[in-house]
1. Which of (1) out of contact with any Ser or Thr (no Cβ under 7 Å at 6 or more places or on another chain); (2) modelled with pLDDT of 90 or more; (3) surrounded by fewer than 16 Cβ atoms within 10 Å (Cβ to Cβ) is the odd one out, the single condition Pro189 does not satisfy?
2. Hey, Leu34 hits all of (1) aliphatic (A, V, I, L, M); (2) touching a strand residue (DSSP E or B) at 6+ places or on another chain (Cβ under 9 Å); (3) exposed (fewer than 15 other Cβ atoms within 10 Å of the Cβ) but one; which does it fall short on?
3. In the range 65-89, how many residues are closer than 13 Å to Phe21 by Cβ and buried (at least 19 other Cβ atoms within 10 Å of the Cβ)?
4. Provide a single number: the residues in the range 78-91 that are modelled with pLDDT of 85 or more and touching an Asp or Glu at 6+ places or on another chain (Cβ under 8 Å).
5. Do we have Arg208 as surrounded by 14 or more Cβ atoms within 10 Å (Cβ to Cβ), farther than 14 Å from Ala220 by Cβ and basic (Lys, Arg) here?
6. I'm trying to understand the selection: among the residues of the range 4-22, which are modelled with pLDDT under 55 and assigned to a loop (DSSP other than H, G, I, E, B)?
7. Report yes if Ala173 is modelled with pLDDT under 95, within 29 Å of Val117 (Cβ to Cβ), of a type outside the set (Lys, Arg) and outside the structural domain of Leu77 (by TED's automatic domain parsing), otherwise no.
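The values are calculated or read from the model by the stated rules, or taken from the named source; none is laboratory data. Computed from a predicted model, the values in this text were never measured in an experiment. Cβ: placed from backbone, ideal geometry, glycine included. Neighbour counts: every protein chain shown.
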Amino acid sequence: MTLTPALGTLPSCPATDAVRFSIVDDHVLVREGLVAVLQDPRLKLIGAFSSLEEFLQHHVTTPPEARTSLLLLDLDLHGKGVDLDLVTALMDGGVQIIVVSAMGVPRLVRELVTAGVSGFVTKGEPTSILFEAIEAVLDGGTWTTPRLAAILMQSPERPVLSPQEERALMLYATGMKMSSVARRLGVQPDTAKVYIDRVRKKYAALGREVRTKTDLYIAATEDGLISKLR
C-alpha cells in the first residue's frame, strides 16, 4: 500500500477500504497540520483529539466496525507524557500506533517498543517520512527514524534521572527560565532548581560536567532527551 505523497491525483479507493486513523496531540496547530497533510483517499480521518483520554472516550463508544485502526500519538501531552497502560490497552484492542513527537527519550521509547508500538517519527522530519512510516506499519512492519534508531543503539553512560528531573532538564535546557520550568512541572521555583541541581550532580558523578545551560542542552541532546536541531 504505497502512501508516498504526490502532487498528482491519487488513485481512488472505496471508502470501506480506507484506513481509519485518528490523531492525539495537545497542540491545535499540530493537529490541524497533520489533518491537512494526510488528505489521502486511502486514509479516513476519524478524529483529532487533545488527549489520550478524550480519544479513548470516543473510541469505546464507537461501533467496532467504525473504530480507529491507526493512531498517530504525541508523547508529550499537556506536560504529563502518556499513560503506558492506556497505550498497551489500545494495542491489545487492535489499534496500531505511530508515535509522532518532538520527544525522543530513549527510556520511554524503549518501553513503548517493548509494549509493541509500531512506529516512531519525530516532528522535525519531513512529511514524506511520516508517509513512509504509515506505509511500513500498514504493510505489517515497524518504522523508526534513522536519527532515533541511532540514539537507541547508542549506549553511553547516562545518569538515571527521575521523571521530574528528566522533564525539568528538557524544559530548562531548551531555554525556559527556572520559574517557567516550575510552572510547567506544577512545583515551586526552588523545587525546580533542586531538580536541575540533582541532574548536574548525577552527570558529574559520571565524569560529565554540565555547569551551564548550554552544557545541559548538549548532554540532553547526546542522550536523546532533546531532538537535535536541523
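1. (1)
2. It fails just one condition, (3).
3. Keep residues of the range 65-89 that are closer than 13 Å to Phe21 by Cβ, which gives 66-73.
Narrowing further to those that are buried (at least 19 other Cβ atoms within 10 Å of the Cβ): 68, 70-73.
Within the range 65-89, residues that are closer than 13 Å to Phe21 by Cβ and buried (at least 19 other Cβ atoms within 10 Å of the Cβ) number 5.
4. 1
5. Working: surrounded by 14 or more Cβ atoms within 10 Å (Cβ to Cβ): yes; farther than 14 Å from Ala220 by Cβ: no; basic (Lys, Arg): yes.
The answer is no for Arg208.
6. If we filter the range 4-22 for residues that are modelled with pLDDT under 55, which is where we start, we get 4-15.
Thr4, Pro5, Ala6, Leu7, Gly8, Thr9, Leu10, Pro11, Ser12, Cys13, Pro14, listed by residue number.
7. Details: modelled with pLDDT under 95: yes; within 29 Å of Val117 (Cβ to Cβ): yes; of a type outside the set (Lys, Arg): yes; outside the structural domain of Leu77 (by TED's automatic domain parsing): yes.
For Ala173, the condition - modelled with pLDDT under 95, within 29 Å of Val117 (Cβ to Cβ), of a type outside the set (Lys, Arg) and outside the structural domain of Leu77 (by TED's automatic domain parsing) - is met.
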